[in-house]
Structures are given as structure tokens and as C-alpha cells.
1. Evaluate the charge dipole of the range 3-130 about its Cα centre and quote only its size in Debye, nearest 20, assuming +1 on the Cβ of each Lys and Arg and -1 on the Cβ of each Asp and Glu.
2. Let me check against my output: what whole-number percent is the relative contact order of the range 1-139, with C-alpha pairs under 8 Å and at least 6 apart?
3. Roughly how big is the chain's charge dipole about its Cα centre, with Cβ charges of +1 (Lys, Arg) and -1 (Asp, Glu), in debye to the nearest 20?
4. Which one of A37, C64, L48 has its Cα pushed farthest toward the positive end of the charge dipole of the range 15-154, where Lys and Arg give +1 and Asp and Glu give -1 at the Cβ?
5. Could you pull out the chymotrypsin sites (Phe, Trp or Tyr not before Pro) across the range 77-121 that fall in loop regions by DSSP (anything but H, G, I, E, B) with no more than 16 other Cβ atoms inside 10 Å?
6. Taking only Cα atoms, what is the 0 to 90° angle, nearest 10, from helix 34-43's long axis to the longest principal axis of the chain?
7. Determine by what factor the alpha-carbon radius of gyration of the range 66-165 differs from 2.2 N^0.38 Å, reporting the quotient.
8. Shape call for the range 9-131 from the C-alpha gyration tensor, a ≥ b ≥ c root eigenvalues: rounded (a/c under 1.5), prolate (a/b greater than b/c) or oblate?
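The values are calculated or read from the model by the stated rules, or taken from the named source; none is laboratory data. A quick note: this is a predicted structure, and the numbers were derived from the prediction, not measured. For neighbour counting, all protein chains shown are included, and Cβ atoms are generated from backbone atoms with ideal geometry for every residue, glycine included. These area figures cover heavy atoms from the full protein model, side chains too; ligands, DNA and RNA do not enter into them. Shrake-Rupley method; radii C 1.70, N 1.55, O 1.52, S 1.80 Å.
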Amino acid sequence: MSKILLLEDDLSLINGLSFAFKKQGFELEIARTLQEANELWAKDCYDLLVLDVALPDGSGFDFCQKVRQTSKVPIIFLTASDEEISIIMGLDIGGDDYITKPFKLGVLMSRINALLRRTKDFSSTATELQSNGIQVFLLQGQAFKKGQLLDLTAAEYKLLCLLMKNPNVILSKEQILDKLWDCEGNYIDSSTLTVYMRRLRIKIEDNPSEPQRILTVRRMGYKWNVMD
């Protein structure tokens, strides 16, 4: 049974989601403030976090950033803010998905199940990836460049794994979005992927302005270019 932490201050939404989550077989804990979320996070473990952004005492973005200091647990933002800058920020600081209100309950459940399934697939692979001076230990969820630990967000880590698992293969933006978020392209703007690629290149390339590991193939997508 997967355990979910819901950070939400809207009582009517809490009641509806509580019923739906329990009906799906999830174990649910609820925090209505940032303080409550911090207290629950400090004493328990979760398989997924569902976070509102606007809270009485802070922001779900703040909580996400704190969690990402120590954990790669899947995070979904569930918020009324549908501005592009807010979506990009949420994903860039470590969120795995971003759903705007109002939303269809069936879509939310589908994406929760997809994210849990993807996370299980990533964590269950008992191997390591290595090329171009980059080494990824899949069980530990860590990546190194020439022996130095890389500070990657959960999404950056998944993106790196996906690219390295497909060496010298051109992956379209649609393929990458489908693999990472398991949803149709219209849910997440492809510009978000561009942000991730830029951030990842800054962390793994010797010269990000002239990338050698992650190549952009014009009008086709991206490729992990194996040099060694």
C-alpha cells in the first residue's frame, strides 16, 4: 500500500481527495499548513507527496525544496496557479508533475499511479550506468561525474538515466515527456524540458555552451552521445 502525504488547506477538496485516495487503496496523511507538513515529514516516510502551492503559512514550493535536500520521493503540485512561470518553477525545483485546479479526479489518479509506477521501475533496477565520465548508481539514486557526486533534482536524475539508458539514440521531446511523466504532451509544455536540459548540461558538461554528452538534434530531439 502506497502512503501519500497531502498538503492542502481547502477542506472541501481534502474531503473529496481523502475519499478518492482511500478508495484507490492509498494510505493518506493530511497537512493543512507548512508547519504540519514539516512535522509529519520529520517523523514518517511517504511514497508520494501531493502539494498545494499557496498555504496559510508559506508555499508548497518551500516544502518541496526542503524535501529535495534529502529525498527523491515523487512530488506532484496540485494548485490553482496555472501561470507558465509557476509551472516551470515547480518542476525546476524538483517537482515531478504539476496539475492545475480545477482538475478531473480520474486524470489525477492516473498520473499518481503512473508516477508511482515509474518510480518503482527506476528504483528496482539493480544495475549501474556508466559512460562519458558519468556513473549512475540506480539503487542508491545517485550520479557522479569523475567521482564527484552530482547535485541533481529528481527530474534531472530521471532525465539523465533515460538518456544514458538509450546511448546514441535520438529521443524526441514527446518520447522523453512520455517516459518521465507518462502523460500526453499537452499536459506539460515542452519548454519545461528545455529548462531541464539546460540545468542538466550545466551540471554534467565540461562546457555547457558546447555540450558533448547531451546533443540537440535539430527538429528531432536529444541524444546521449557516447564518447568513450
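1. Taking the Cα centre of the range 3-130 as origin, the dipole is about 540 debye.
2. On the way: 197 pairs, mean separation 24.6, N = 139.
Answer for the range 1-139 is 18 percent.
3. Using only the charged Cβ atoms, the result is roughly 840 debye.
4. L48
5. Numbers: sites: F77, Y98, F103; in loops: F103.
Those that pass, being in a loop and sparsely packed, are F103.
6. Taking Cα atoms only, the helix is inclined about 70 degrees.
7. Details: Rg = 15.0 Å, N = 100, 2.2 N^0.38 = 12.7 Å.
Ratio of Rg to 2.2 N^0.38 Å for the range 66-165: 1.19.
8. Rounded, because the longest to shortest axis ratio a/c is under 1.5.
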